[in-house]
1. Could you count how many residues in segment 32-57 are basic (Lys, Arg) and at positive phi?
2. Taking only segment 46-94 into account, find how many residues are of a type in the set (Ser, Thr, Tyr), under 23 Å from TYR15 (Cα atoms) and in contact with a helix residue (DSSP H, G or I) (Cβ under 7 Å, 6 or more places away or on another chain).
3. If only one of TYR49, TYR75, TYR63 is of a type in the set (Ser, Thr, Tyr), out of contact with any Leu (no Cβ under 9 Å at 6 or more places or on another chain) and crowded, with 17+ Cβ neighbours inside 10 Å, which one is it?
4. So, of the residues in segment 27-44 that are under 15 Å from LYS71 (Cβ atoms) and of a type outside the set (A, V, I, L, M), which turns out to be surrounded by the fewest Cβ atoms within 10 Å (Cβ to Cβ)?
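Just so it is clear, none of the values below were taken in a lab; they were calculated from the coordinates. Keep in mind that what you see is a predicted model, and the values were worked out from it rather than measured. Here the Cβ is made from the backbone with ideal geometry for all residues, glycine too, and neighbour counts use every protein chain on show.
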Amino acid sequence: MKLQDIFSIQNIIVYLIVINLIAFLSMFIDKKKAKWGKWRIPENTLFLYAILGGTIGSIIGMYTFRHKTKKPKFYVGMPVLLILQILTVVAFMI
């Protein structure tokens, strides 16, 4: 198997869909746990999912579930991270 086969457009798209679903569901789960007063998903883990490519899922989850929307670390950090990711992709395409 060649490296081009592993990093095919199709595989990258599948990966991005999966990591964004994980990030989105993590926001949902953490919000539910917050309401129930149970053990929470660490903020660093939520950011890790975003850094790994799940920024869009994280942002959608934040606003869908109204979770972490009052924390500047999230309402500023997630969009900044998304912009940096877009700029990185554009830089590699040039």
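1. Initially, segment 32-57 is screened for residues basic (Lys, Arg), giving 32-33, 35, 38, 40.
The next check asks that each one be at positive phi; those that pass are none.
Matching residues across segment 32-57 total 0.
2. Step one: filter segment 46-94 for residues of a type in the set (Ser, Thr, Tyr), giving 49, 55, 58, 63-64, 69, 75, 88.
When the remaining residues are screened for being under 23 Å from TYR15 (Cα atoms), the result is 49, 55, 58, 63-64, 88.
Narrowing the set further to residues that are in contact with a helix residue (DSSP H, G or I) (Cβ under 7 Å, 6 or more places away or on another chain) leaves 49, 55, 58.
Number of matching residues: 3.
3. Numbers: TYR75 fails: crowded, with 17+ Cβ neighbours inside 10 Å; TYR63 fails: crowded, with 17+ Cβ neighbours inside 10 Å.
Result of the check over TYR49, TYR75, TYR63: TYR49.
4. Our first condition is that a residue be under 15 Å from LYS71 (Cβ atoms); within segment 27-44, this holds for 27, 30-31, 34, 40-44.
Now restrict to residues that are of a type outside the set (A, V, I, L, M): 30-31, 40, 42-44.
On the way: ASP30: 22, LYS31: 19, ARG40: 13, PRO42: 10, GLU43: 14, ASN44: 8.
Looking at residues that are under 15 Å from LYS71 (Cβ atoms) and of a type outside the set (A, V, I, L, M), I get ASN44.
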